[in-house]
1. What pairs come out if I take residues in region 130-159 that are modelled with pLDDT under 85 and pair them with residues that are in a helix (DSSP H, G or I) whose C-beta lies under 6 Å away, six or more apart or interchain?
2. List the number of the failed condition for residue 62; all other conditions in (1) at pLDDT 90 or above; (2) in contact with a Ser or Thr (Cβ under 6 Å, 6 or more places away or on another chain) hold.
3. Please work out if residue 52 is of a type outside the set (S, T, N, Q), modelled with pLDDT under 85 and either out of contact with any His (no Cβ under 8 Å at 6 or more places or on another chain) or surrounded by fewer than 15 Cβ atoms within 10 Å (Cβ to Cβ) (or both).
4. Can we say residue 197 is surrounded by fewer than 13 Cβ atoms within 10 Å (Cβ to Cβ) and out of contact with any Asp or Glu (no Cβ under 8 Å at 6 or more places or on another chain)?
5. What number of residues within region 188-236 are among the acidic types (Asp, Glu) and either in contact (Cβ under 8 Å) with a residue 24 or more places away in the chain or touching a Pro at 6+ places or on another chain (Cβ under 6 Å) (or both)?
6. What strands (runs of 3 or more DSSP E), lying completely within region 164-230, carry at least 2 residues that are out of contact with any strand residue (DSSP E or B) (no Cβ under 7 Å at 6 or more places or on another chain)?
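The values are calculated or read from the model by the stated rules, or taken from the named source; none is laboratory data. Model, not experiment: these values are computed from the prediction. Every residue, glycine among them, receives a Cβ derived from its backbone with ideal geometry; neighbour counts consider all protein chains shown.
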Amino acid sequence: MANGSTLESSDSLKAFGAALKTFRERALLTQEQLAERLNYSHASVASVEQGRRMPTAAFVERAEETLEAFGVLRAMVRHVGRQRGLAVWFREWAQLEEVAVALCTYECRVVPGLLQTEAYTRAVMLNVPPPPSEEQLEQRIAARLARQELLGRRPPIAFSFIVEESVLLRHTGGEDVTRELIGHLLASTELWNVELQIMPLRQPCHAGTDGSMRLLETPEHQWFGYSEGQQTGQLISVPKDISLMQMRYAKMRSQALSPADSAELLQRMRGAL
């Protein structure tokens, strides 16, 4: 989501990727073979090797053991800086996303970043002052689109999205951008691990009036929440607060259109453009 500033784009991230590639080639493994052994997608391994993606702690540990890297990868990752593109306050949540087994998102402002098209992302970022430089814009777009690799990650993540109908009726970026976006959303609903529900414009009973939120479950079955505002983001881990968010999200799932009815609404909206 966030469009804010981050740490410097890092040569150390590229150096880590080069080291990973060197150890992989030393082990006579292709990227596909290493991905299978690490239980990550090929795209994830490729992104890390190219210095475009920050490796998770789990990724580093698995690579270290699989490639017998003499502790080099563990040592290097301590000095790796993140790329630009993800806001400072969003970084910890993005790290948790990498290892999540379930991710629930309610959004009332924009289409969730994991479901955005490049054109829609560009329109959103250009609409929010101050205007970014061309370099900042491209870095932010690349970072957001790179996160979408999570949709096809192995092992898979179970995704649930609830999006307000009003977000799509806004036509951010114009009709062509919206038409492409809705087509992309419909394609996303065909993924077996993605459930998309639209909250109808007219819904007298609505449990989400406190704003957008996210919930995440880790492989250890620990839950975290995330809430974001103007230039801020808060990671939530207190069990009482998580329970409250889960109750609200469960209520919204019952109030939103079913996945099938949501897909029908999206098809009608696209046809009306």
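1. 140/125; 144/113; 144/121
2. Looking at each condition in turn, residue 62 falls short on (2).
3. In short, yes.
4. Answer is no for this residue.
5. Qualifying residue count for the region: 4.
6. On the way: elements: 194-199, 213-217, 223-229.
Strands (runs of 3 or more DSSP E) meeting the threshold: 223-229.
Every residue, every condition in (1) surrounded by 13 or more Cβ atoms within 10 Å (Cβ to Cβ); (2) under 22 Å from residue 157 (Cβ atoms), yes or no:
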| site | (1), (2) |
| --- | --- |
| 178 | yes, no |
| 189 | yes, yes |
| 206 | yes, no |
| 218 | yes, yes |
| 221 | no, yes |
| 259 | yes, yes |
| 263 | yes, yes |
